[in-house]
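Dropping a structure here in structure tokens format, bear with me for questions.
The values are calculated or read from the model by the stated rules, or taken from the named source; none is laboratory data. None of the values given here were measured: they were computed from a predicted structure. Note: ideal-geometry Cβ built from the backbone for every residue, glycine included; neighbour counts use all protein chains shown.
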Amino acid sequence: MSSLTNVVIGLLVVGLLLSRQLQPRLAKESSSVRLVAILAVVGVVDTRNAIGTHTVPVTALAWLGLSLVAGAGMGAARAATIRVWRAEDGSAWRQGTVLTAGLWLVSLALHLGLDWVIDHTSGIPLGTSSILLYLAVTLGAQREVVRWRATRLTRTMQLGDRPSTPQMNSSHRGGSLPCAPCH
């Protein structure tokens, strides 16, 4: 795919992720696994196609590696801003905040900045072709930290600790959904 196509697809994916993450959702969804896997496969293929038969300088690969590590770190940071709570029925829920959305924008800007460095050190569009791979890494890291937090919440409940009772909000579509406790 062309560099512009990759950037447009990346922006569309981030828009979809933002709209989904700002809504209350079950914390242990399998759909996130599929999306991360699809992004990773397409991202690896796009990155490999960008390299083609070119010799890529070690510095460009180092910058690409730094970009992916930064993506994992940004994913973990975003996960810390996501509300995770237990509903009355025992199910774990999550909802991103305004800070989560802001960190998505920072994360995307960070990668686009590193894209420029990677592209200029490699002489090929290696950075821009890796945006979907970056999204897979950053979303995967965020997902795993949120899952870990939800699992800890489950263990706490199993040990007999009683979490705060979430408030019910009937303004959501489909009736009452549990909302994060107001503290």
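Which one is nearest to residue 26 (Cα to Cα) among residues in the range 51-71 that are buried (at least 19 other Cβ atoms within 10 Å of the Cβ) and small (Gly, Ala, Ser)?
The qualifying residue nearest to residue 26 (Cα to Cα) is 71.
Is there any pair linking a residue in the range 140-152 that is closer than 13 Å to residue 28 by Cβ to one that is basic (Lys, Arg) and crowded, with 18+ Cβ neighbours inside 10 Å, with Cβ under 6 Å and at least six apart or on different chains, and which?
Note: pairs meeting the criteria are 146/94.
Restricting attention to the range 72-97, which residues are hydrophobic (A, V, I, L, M, F, W, C) and either at pLDDT 95 or above or surrounded by fewer than 15 Cβ atoms within 10 Å (Cβ to Cβ) (or both)?
Selection gives 72, 74, 76, 77, 79, 80, 82.
Something else now. Filter the range 30-50 down to residues that are modelled with pLDDT under 90 and over 10 Å from residue 129 (Cβ atoms) and give me whichever is surrounded by the fewest Cβ atoms within 10 Å (Cβ to Cβ).
Taking the candidates together, the pick is 30.
On to the next question. Under 6 Å between Cβ atoms, which residue pairs at least 6 apart in sequence (or on different chains) link something in the range 98-122 that is surrounded by 13 or more Cβ atoms within 10 Å (Cβ to Cβ) and of a type in the set (D, E, K, R) with a partner that is in a helix (DSSP H, G or I) and at pLDDT below 95?
Listed pairs, sorted by first residue: 115/127; 115/128; 119/127.
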